[in-house]
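Visitor: This is the structure, below, for whatever I ask next.
Values quoted throughout were computed directly from the atomic coordinates according to the rules given, and no laboratory measurement underlies them. Model, not experiment: these values are computed from the prediction. Positions of Cβ are backbone-derived with ideal geometry, glycine not excepted, and every protein chain shown enters the neighbour counts.
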Amino acid sequence: MRTGLTIGDLAGRTGLSVSAIRFYEAKGLIHPDRNSGGQRRFAGADIRRLSFVMIAQQLGLSITEIREALTALPNERTPTKRDWTRLSRSIRRRLDDQIAMMERLRDRLDGCIGCGCLSLKTCALYNPEDKAAQLGSGPRYVISAKKL
């Protein structure tokens, strides 16, 4: 049995509301123990878990993706650096892909993005006759890794 943090303590340490912590518990992202009075008790490591949840959500990961990533961590003990490295590897590809797309958006938004609108003068150069449409609909030069 954990003798650790109350839900109020955890809220204070993470900046999350008590209701948000209960939500994340209901979604299976954290697993508090209960004391003899039925009150939740959280480990110090739950601060890091919830901090990861908050960051992952800011990066656009869904609750399901976050829960899957957190399965790499042990529930029966405090996760080690090695455990967190394993979790990091499980989402690294998605983060790398997202970073690459953001860089393409940054570098191409003021030019042709391959959407087929052909409204900018550069579109006629980079996407003549809407050849990007062969790759699919939408902003193909940003969504895909295709080089201009």
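Visitor: Rounded to whole Hz and in sequence order, give me ³J(HN,Hα) for the range 115-129 from the Karplus expression 6.51 cos²θ - 1.76 cosθ + 1.60, θ = phi - 60°, writing x for Gly and Pro.
Guide: My calculation for the range 115-129 gives 8, x, 6, 6, 8, 9, 4, 5, 4, 5, 7, 7, 9, x, 6 Hz in order.
Visitor: While we're here: Extension gain N75-A100, at 0.36 nm per residue separation less the Cα-Cα distance, in nm?
Guide: So the chain would gain 5.7 nm between N75 and A100.
Visitor: Within the range 57-148, which trypsin sites (Lys or Arg not before Pro) sit in a loop by DSSP and count at most 12 neighbouring Cβ atoms inside 10 Å?
Guide: R77, K146, K147
Visitor: Then there's this: Quick one: plug the Kirkwood hydrodynamic radius of the chain (C-alpha pairs) into Stokes-Einstein at 37 °C, 0.692 mPa s, and report D in µm²/s. Kindly include the intermediate steps, with their values, before the conclusion.
Guide: Working: Rh = 18.3 Å.
Taking Rh from Cα pairs, D becomes 180 µm²/s.
Visitor: Also, quick follow-up: Any aspartates and glutamates with Cα under 17 Å of the K121 Cα? List them, leaving off those in the same chain fewer than 8 positions away.
Guide: Cross-link targets: D107, D110, E129, D130.
Visitor: Roughly what would the spin-label model give for S144 and R67, points 7 Å off Cα along C-beta, in nm?
Guide: The answer from the label model is 3.4 nm.
Visitor: Just want to confirm a number: the relative contact order over the chain, from Cα pairs under 8 angstrom separated by 6+ residues, in percent.
Guide: About 15 percent, as a whole number.
Visitor: Another question, if that's okay. What 222 nm value per residue comes from the helices of the chain, counting each DSSP H run with n ≥ 4 as -39,500 (n - 2.57) and dividing by all residues, nearest 500 deg cm²/dmol?
Guide: One gets -15500 deg cm²/dmol as the mean residue ellipticity at 222 nm.
Visitor: Starting at the first residue of the range 18-28, write each ³J(HN,Hα) from the Karplus equation 6.51 cos²θ - 1.76 cosθ + 1.60 with θ = phi - 60°, in whole Hz, x for Gly and Pro.
Guide: 4, 5, 5, 5, 4, 4, 5, 5, 4, 7, x
Visitor: Let me ask another. Calculate the FRET efficiency for S137 and R92 from the Cβ-Cβ distance with a Förster distance of 25 Å, rounded to the nearest 0.05.
Guide: 0.30
Visitor: Sticking with this one: Run down the aspartates and glutamates and flag those whose C-alpha is under 15 Å from the C-alpha of K27, throwing out any fewer than 8 positions away in its chain.
Guide: Straight-distance partners of K27: D46, E65, E68.
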